[in-house]
Amino acid sequence: MTTESTIEEWSIRRLARAMERGELTSRALVAWYLDRIEALDRSGPALHAILEENPEALAIAAALDQERAAGVVRGSLHGIPVLLKGNMDTADAMTTTAGSLALEGSRAPRDSTVAKKLREAGAVLLGKTNMSEWANFRSSQSSSGWSSRGGQARNPYVLDRSPGGSSSGSGTAVAANLAAAALGSETDGSIMCPASYNAVVGLKPTVGLISRAGIIPISASQDTAGPMTRTVEDAALLLSAVAGPDPEDPATQASEAQVHADYNPFLDREGLRGARIGIVREGCFGYNESTDKIAEAAIRELTQLGADVVDPVQVPISPEMRRMEFEVLLYEFKDGLNRCLQNLGPEMPVHSLEEVIAYNERNAALVMPYFGQDIMVKAQEKGPLTEREYLDARAGSGRLARDEGIDRAMDEHSLDALFAPTGSPAFKIDLLTGDHFTGGSAALAAVAGYPAITVPAGIALGLPVGVTFFGRAYSEPVLLRLAYAFEQGTTARRQPRFLRSEERPPI
């Protein structure tokens with residue numbers, strides 16, 4: 001078994017090669033990660049990134065080691081420990097709760113499609129990650145990374161700073177090397193934000209490229225699962241394992257002709273050479289000086305790496321688009337959650353959004369000690385998806401984000417991708433007044449249902465900042481190529497040091 005100092009930060013490919021050579025077993029690797037979770041998540045800096053570990057993980061790893069010894073290797077993920085966000089079903093001893101005590105003890109009768117595909121690929125499902133409760137769709141004053149089941153997840157770079165959300169634990173865990181990789185989910189920023197805050201790669205695929213079956217929903221039109229990894233190559237490996245059509249999710253049927261069995265051939269160190277990249281400034285710059293400095297340096301890097309930069313490109317993130325988006329999410333959350341919860345067993349205390357709201361009121365001291373549930377109440381007031389308000393909002397927000405937004409800008413300038421800083425450095429955790437979010441670039445791709453990838457770009461006062469490439473539907477091969485070239489050309493990721501606020505470097 002190799003030492004801790006050598007395994008830390010190892011990529012999936014490097015871990016797989018060590019297992020191929022007999023230098024490492026999956027069981028030993030799982031045990032190493034479990035020990036690290038105990039040292040860093042349960043004690044030490046107490047990151048609160050993990051909701052629960054899989055009690056079968058060591059046995060699964062041992063079985064996969066036996067397969068390898070018998071000459072059966074399922075692929076690059078064979079024996080690799082992967083974490084799932086706490087809203088993803090697994091048909092095992094682990095629960096699926098979206099971080100809520102209302103679903104404590106809820107065990108799924110079958111795997112989510114992403115869990116099933118990971119098992120088939122040979123991954124070890126190591127555990128479930130903490131998350132902003134109900135994927136941050138409970139309160140307008142919530143604290144990202146807090147859940148009534150898991151408490152407050154923390155940023156491993158500076159411990160009193162937010163981990164971002166709602167895929168908080170997935171970002172923190174990957175950054176802190178508590179697993180080789182993780183899956184998050186996003187409706188609007190829930191992969192991109194925590195990936196940037198934790199200096200990891202976050203890939204939000206085109207809606208429908210990955211099945212949402214078995215994932216507790218917010219929005220049928222915007223939800224997607226996606227990889228959160230330490231490298232772009234690892235994100236491509238994870239995407240290859242979980243992408244593809246699924247009869248359980250009608251939105252995936254359009255992806256059948258677009259999906260690739262293997263996304264790694266698209267990775268190219270020279271991938272930025274000759275690429276036309278449009279810089280989106282309106283709404284994506286000017287909210288944080290440190291973010292602007294890192295983004296400007298990244299733009300210079302794009303040029304040095306051979307890109308043809310078009311600066312600026314107008315793709316406005318309009319207040320009207322955001323207003324309509326929120327209406328869509330309220331309607332779809334009620335509809336989707338009711339469909340999801342009605343399948344729970346009779347022993348569970350909730351089977352609808354209305355019952356979740358009532359449960360939270362009855363158990364307010366445990367579930368709502370810091371913030372309430374005003375968003376849930378607003379969603380409950382909405383009617384069916386046949387209402388004109390919903391239909392107009394969905395059509396209007398999609399038009400602004402797609403036809404009059406991303407597609408028009410890319411057509412006008414013949415672009416390969418759009419580019420912007422992902423967001424500001426992480427703000428201080430504030431359980432009294434909630435998140436102090438100042439700006440970000442996730443909304444356009446989120447509302448459009450288009451892909452985006454964030455990559456580490458720099459450090460400001462000890463806190464990471466990422467940059468985002470985004471583009472047309474099913475342009476994952478292009479975005480992976482560009483992001484990989486940027487990552488390899490800048491090597492901006494730095495390991496976390498679990499600092500207290502007063503220990504942050506002055507520059």
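The values are calculated or read from the model by the stated rules, or taken from the named source; none is laboratory data. Only a predicted model underlies this, so the values are computations on that prediction, with no experimental measurement involved. In this analysis, Cβ positions are derived from the backbone assuming ideal geometry, glycine residues included, and neighbour counts consider all displayed protein chains.
In the range 440-458, which residue that is part of a strand (DSSP E or B) and not aliphatic (A, V, I, L, M) is surrounded by the fewest Cβ atoms within 10 Å (Cβ to Cβ)?
458
If you scan the range 1-17, which residues turn out to be farther than 19 Å from residue 63 by Cβ, at pLDDT 95 or above and not in a loop (DSSP other than H, G, I, E, B)?
The answer is 12, 13, 14, 17.
Looking at the range 460-470, can you tell me whether even one residue there is of a type in the set (Ser, Thr, Tyr), part of a strand (DSSP E or B), within 19 Å of the chain's Cα centre (by Cα) and at negative phi?
yes
Regarding residue 34, is this residue closer than 30 Å to residue 98 by Cβ, surrounded by 15 or more Cβ atoms within 10 Å (Cβ to Cβ), among the hydrophobic types (A, V, I, L, M, F, W, C) and touching a helix residue (DSSP H, G or I) at 6+ places or on another chain (Cβ under 8 Å)?
Yes: the conditions hold for residue 34.
Within the range 149-178, which residues are in contact with a Phe, Trp or Tyr (Cβ under 7 Å, 6 or more places away or on another chain) and in a loop (DSSP other than H, G, I, E, B)?
Passing the criteria: 155, 156, 159, 162, 163, 164, 178.
Return a yes/no flag: does the range 427-439 have any residue that is out of contact with any His (no Cβ under 6 Å at 6 or more places or on another chain), within 26 Å of residue 158 (Cβ to Cβ) and not in a loop (DSSP other than H, G, I, E, B).
Yes, that holds for at least one residue.
Which helices (runs of 4 or more DSSP H) sit wholly inside the range 272-391 and have at least 3 residues that are touching a strand residue (DSSP E or B) at 6+ places or on another chain (Cβ under 9 Å)?
Once the helices (runs of 4 or more DSSP H) in the range 272-391 are filtered for at least 3 residues that are touching a strand residue (DSSP E or B) at 6+ places or on another chain (Cβ under 9 Å), what remains is 289-304.
Looking at (1) within 26 Å of the chain's Cα centre (by Cα); (2) under 30 Å from residue 278 (Cα atoms), which is the one condition that is false for residue 404?
(1)
May I ask you to list pairs of residues, at least six apart or on different chains, whose Cβ atoms are under 6 Å apart, with the first in the range 392-419 being touching a residue at least 12 places away in the same chain (Cβ under 8 Å) and the second being aromatic (Phe, Trp, Tyr)?
These pairs meet every condition: 406/450; 417/469; 418/470; 419/469.
Can you name every residue in the range 42-76 that is over 16 Å from residue 123 (Cβ atoms) and either charged (D, E, K, R) or in a loop (DSSP other than H, G, I, E, B) (or both)?
Result: 42, 43, 44, 45, 46, 47, 48, 49, 52, 55, 70, 71.
Right, residue 272: touching a Phe, Trp or Tyr at 6+ places or on another chain (Cβ under 7 Å) and surrounded by fewer than 17 Cβ atoms within 10 Å (Cβ to Cβ) or not?
In short, no.
Of the residues 447, 377, 467, which is of a type in the set (Val, Ile, Thr), touching an Asp or Glu at 6+ places or on another chain (Cβ under 7 Å) and in contact (Cβ under 8 Å) with a residue 12 or more places away in the chain?
447
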